[in-house]
1. So if a site counts as exposed when it's one of the trypsin sites (Lys or Arg not before Pro), its DSSP state isn't H, G, I, E or B, and it has at most 10 other Cβ atoms within 10 Å, what's the longest stretch of the chain without one?
2. Taking amide H positions as placed in the peptide plane 1.01 Å from N, state which residues far from Ala133 in sequence (5 or more) or on other chains have amide H under 5 Å from it.
3. Rank Ala113, Ala49, Ala96 by mean-square fluctuation in a GNM of the chain with C-alpha springs under 10 angstrom and give only the top-ranked residue.
4. Find how much the distance from Ala161 to Ala101 grows on full extension, using 0.36 nm per residue of separation minus their present alpha carbon separation; answer in nm with one decimal.
5. Enumerate the residues in region 88-131 having an amide nitrogen under 13 Å from the point lying 7 Å beyond the Cα of Leu81 toward its Cβ.
6. Say we join alpha carbon atoms closer than 10 Å with springs in a Gaussian network model of the chain; which of Ala112, Ala137, Ala28 then has the biggest fluctuation?
7. Mind checking the alpha-carbon convex hull of the chain and giving the volume per residue in Å³?
8. Do the alpha carbons of any pairs in Lys63/Lys106; Lys44/Lys136; Lys45/Lys138; Lys55/Lys138; Lys38/Lys138 sit beyond 18 Å of each other, and which pairs?
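What follows draws every value from the coordinates through simple rules; no lab data is involved. If you're wondering where the values come from, they're calculated on a predicted model, not measured in any experiment. Note that we place each Cβ from the backbone using ideal geometry, even for glycine, and neighbour counts take in every protein chain shown.
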Amino acid sequence: MGKLLTTPVRGTRGRPAGRGQTVLAAGAVLWVPGPPKKDGVGRKKPRIALIHRPKYDDWSLPKGKLEPGEGWRSAALREVLEETGLRCVLGVELPAQHYLAQGRPKEVRYWAAVPTGGSFTPNREVDRLKWLAPRKAKARLTHERDRELVDALLAALADGAS
């Protein structure tokens, strides 16, 4: 398995996005190993955490904007904790997403992440959390770009990353 990272890295730091500036955000594809197979040999596919955001009535992956001066990895760890109540360690970086959000460019960087503790409590921002097998997760996710991240996670895990 690859090295798990929990510390921020040098590079772009969060800054308030002004008119026309790119909004910077970070998140994670939170996963746990699948349960043992019925025959006892190996495991089923991993389970992936999806969150339901009542404000948008969508199913998504945990993510959020960088705070001023905050590093990408620190933001990803904070957002996962805020939205899911789970502490985690970050693994391999997954492909970044670039899209328009409310007419402004947005860049979101994601990492594979494994929970290390905590528990989910429904709140105003996230009212449900579900752990689903990849195929069910992809069917439940609202946005195609999030489904692509599930595929990227599976490819990384197949290559031995964590």
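1. 56-123
2. Placed amide hydrogens put Ile48 under 5 Å from Ala133.
3. Its mean-square fluctuation being the largest, the pick is Ala96.
4. Length gained, Ala161 through Ala101: 18.5 nm.
5. Within reach of a label on Leu81: 88-90, 116-119.
6. The residue with the greatest mean-square fluctuation here is Ala137.
7. On the way: hull volume 19.0 nm³, N = 162.
For the chain, the hull spanned by Cα atoms encloses 117 Å³ per residue.
8. Values: Lys63/Lys106 12 Å; Lys44/Lys136 13 Å; Lys45/Lys138 13 Å; Lys55/Lys138 21 Å; Lys38/Lys138 24 Å.
Over 18 Å apart, Cα to Cα: Lys55/Lys138; Lys38/Lys138.
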